[in-house]
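Taking it in order: structure first as C-alpha cells, then the write-up.
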Amino acid sequence: MRSKFAGGIYLEGMRSSTLRWIILLATFLIALIVAVQLFWLDKVYSFEAKTFNTNVVKSIRGVYEDLDIDDTPVNHLQDLIETLSPDRFLFRINGEKLVYDSLVYYLKHELNDFDVLTDAHVCLYSAKRGTYIAEQYIQAAAARYDSSRKVLPVYKRGYNYVLLYFPHRSKYVLAQMNFWFTTTAILFVVLIGLAVVLFYFYRQKFLVEVQKDFVNNFTHEFKTPLAVMKISSEVLLQDKIVHQPERLQKYANIIQHQTEHLQSQVERLLHIASTDRREIPIEKVRVPVKEIIEQAIAKVQPLVDDKEALVEIQSPEEPGYELLADRVHLELAVVNLLENALKYSTKPHVIISTGQEDGFLFISVKDNGIGIEKKYQKNLFKKFYRVPTGDVHNVKGFGLGLNFVKRIIDAHHGSIKVNSLPGIGTEFKMLFPI
C-alpha cells in the first residue's frame with residue numbers, strides 16, 4: 001500500500017512539473033509578445049515612411065497647381081516626379097523662367113500643409129548648364145536637428161528639374177513613432193519585470209524544495225536512533241533488568257552506540273555550518289596517504305562490522321605516497337566516501353587504491369553498490385542533494401557528505417572524478433597535485 005509520504009512526494013513532483021510547464025509557457029508567451037511588438041514596430045515604421053513619401057509627392061503636386069511650371073495635365077503629373085531615394089525627390093519643370101523665390105515659398109507652404117515638418121534642401125537644375133543654378137535650405141519651424149548643409153551630387157538629366165533633399169528624413173520618421181517607442185519601452189520593462197519575478201519565484205520554489213528535502217532527511221536520520229534509544233531506555237527502567245546483566249549490558253551498549261551516532265551527526269552539521277565559506281581553511285603538513293586511509297577505515301569499523309563488509313587496500317609495492325595536505329580534513333573526506341560505499345551496498349566490497357595519474361596523486365574508493373545514473377552525477381556535489389529514490393528512505397543522510405568532500409578537495413586545489421554504473425557500483429577518485 002502506498003504511504004502518505006509517498007503520495008506527498010508524488011503530488012510534490014506533479015506540482016513541480018506543473019510549475020515548470022507554467023514557466024515554459026510564460027517564457028514562450030513573453031517571447032511571442034516581444035516578437036509581435038517588434039513586428040508591429042517594423043510595420044508602423046514602414047507605414048510612416050510611406051506616409052512621408054506620399055505627403056512629399058502631394059506637396060509637389062500642389063506646387064504644380066500653384067505655379068505654371070509644366071504644361072502636363074494634372075492627372076499625369078505623377079509621371080514628372082522621380083524618387084531617387086527615400087530622402088531625395090526630383091520633379092521636372094519647363095525652362096528656367098520661373099521665379100525661384102516663389103517656388104521656394106509655395107513649396108514650403110505645401111510641405112507645411114501636408115505635415116512634412118522637417119528640413120529640406122531645394123536645388124534648381126539647368127539642363128543647359130548641366131549644374132545647379134540655385135540652392136536654398138528650408139528649415140521647418142518644428143525642426144530640432146542640425147541645419148548644416150551637405151554638398152549634393154548633380155543628377156544629369158536632359159531637362160530642367162527641382163531636387164528636394166530631406167537630410168533628416170529618418171529622424172523625422174522615427175520621431176513620428178514616439179508613442180509606439182514609449183509604449184514598447186513600457187511593455188519591455190513590464191515583461192522584464194515579469195521574467196525577473198518568474199525567475200525569483202522558480203528559485204524560491206527550488207530553495208523551498210531543497211529545504212523540505214533537508215528536513216525530510218534530517219527527520220529520517222534522527223527518528224530511528226531516537227526510537228531505538230526510547231525502547232532501550234524503557235527496557236532499562238524495568239525492575240527485573242538488574243537481574244539480567246547480559247541484557248542490561250546489551251541495551252546500555254545500544255544507547256551508547258546510538259548516542260555516539262547522533263553526536264557524530266550533530267558535530268558534522270555544526271562543522272559544515274561553521275565552515276560555510278567558499279574555501280575551507282586548511283593547514284597543510286606532509287602526511288602518509290596509507291596512514292590516512294587506515295585511520296579512516298578504523299573510524300568506520302563499526303559500520304564495516306555491522307554490514308559484514310570486505311574492505312581492501314590496494315597500494316603500490318614501493319614506499320607509500322606522501323601528500324602535502326590537511327590531515328584532519330583529508331581523513332574526513334576518505335571517511336565520507338567510505339560511509340557512502342558501505343551504505344549503498346547490500347554486501348559491501350570496498351576497494352581503496354592509491355597511485356599517480358597525469359601528475360596527480362589519487363585516492364580511489366570503489367564499491368559494488370547500487371550505482372548512480374548518469375543524469376544524477378552532475379548534481380552529486382551540491383549541498384543537500386540526494387539521488388532520488390522515490391519513497392524509499394532506508395539509506396540515511398543529509399546530502400552534505402559529498403558536498404563537504406568536494407570543498408575539501410577544492411581547498412587542496414585538486415579534483416574528483418565519478419565513474420558509476422547502475423547495478424554495478426561506483427568509484428570516486430580524488431586527485432591531488434603532487
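The values are calculated or read from the model by the stated rules, or taken from the named source; none is laboratory data. None of these values were measured; they are calculated from a predicted model. Positions of Cβ are backbone-derived with ideal geometry, glycine not excepted, and every protein chain shown enters the neighbour counts.
Summary of computed values
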read-out: Residue in the stretch 320-369 that is farthest from Val304 (Cα to Cα), counting only those that are assigned to a strand (DSSP E or B) and hydroxyl-bearing (Ser, Thr, Tyr); value: Thr354
read-out: Check on Ser345, under 25 Å from Ile254 (Cα atoms) and modelled with pLDDT under 85; value: yes
read-out: Any hit, the stretch 106-126, residues being more than 28 Å from Gln176 (Cα to Cα), at pLDDT below 90 and surrounded by fewer than 19 Cβ atoms within 10 Å (Cβ to Cβ); value: yes
read-out: Test: residue in the stretch 134-155 that is in contact with a Cys (Cβ under 8 Å, 6 or more places away or on another chain), modelled with pLDDT of 80 or more and among the small types (Gly, Ala, Ser); value: yes
read-out: Some residue of the stretch 216-227 being at pLDDT 75 or above and surrounded by 14 or more Cβ atoms within 10 Å (Cβ to Cβ); value: no
read-out: Residues (at pLDDT below 85 and farther than 21 Å from Leu323 by Cβ) located in the stretch 402-422; value: Asn403
read-out: Pair list, Cβ under 8 Å, 6 or more apart: the stretch 44-66 residue farther than 17 Å from Tyr105 by Cβ and free of Cβ contacts under 8 Å to residues at least 40 places away in the same chain, other residue of a type outside the set (Lys, Arg) and assigned to a helix (DSSP H, G or I); value: Val57/Gln78
read-out: Single residue of the stretch 231-246 satisfying the filter (surrounded by 11 or more Cβ atoms within 10 Å (Cβ to Cβ) and not hydroxyl-bearing (Ser, Thr, Tyr)) that is modelled with the lowest pLDDT; value: Ile231
